[in-house]
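**Q** Pasting a structure below so you can have a look.
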Amino acid sequence: MAFLSEAQLETALLEQFAALGYACASDEVIGPDGRQPELEAYDEVVLKTRLTEAVTRLNPMTNCA
């Protein structure tokens, strides 16, 4: 039985998302100590600013700010 490492699984999933047209950003860019940080800590899993912008765009009547 073949097992995938976490890194192999992550790479495979990122490739699938890219094939579907999603943009992928590494922690080197958006991580807490990245060039354009979007996370306050590595244990965060939600990009709050992006989520808020998306919810507002999809439902302008929502006051997420």
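The values are calculated or read from the model by the stated rules, or taken from the named source; none is laboratory data. In this text the structure is predicted, and so the values were computed from the model without any measurement. Reconstructed Cβ throughout: ideal geometry from the backbone, glycine too, with neighbour counts over all protein chains shown.
**Q** Kindly check whether there is at least one residue in the range 28-50 that is among the hydroxyl-bearing types (Ser, Thr, Tyr) and either more than 14 Å from the chain's Cα centre (by Cα) or modelled with pLDDT of 95 or more (or both).
**A** No: zero hits.
**Q** Next up: Would you tally the residues in the range 45-65 being in a loop (DSSP other than H, G, I, E, B) and without any contact (Cβ under 8 Å) to a residue 12 or more places away in the chain?
**A** Adding up the residues that qualify gives 7.
**Q** Taking the range 10-40 only, how many residues are without any contact (Cβ under 8 Å) to a residue 12 or more places away in the chain and outside any loop (DSSP other than H, G, I, E, B)?
**A** The total comes to 12.
**Q** Mind listing just one residue for me: the one in the range 1-23 that is at pLDDT below 90 and surrounded by fewer than 10 Cβ atoms within 10 Å (Cβ to Cβ) and, of those, nearest to Leu47 (Cα to Cα)?
**A** Looking at the filtered set, the residue picked out is Phe3.
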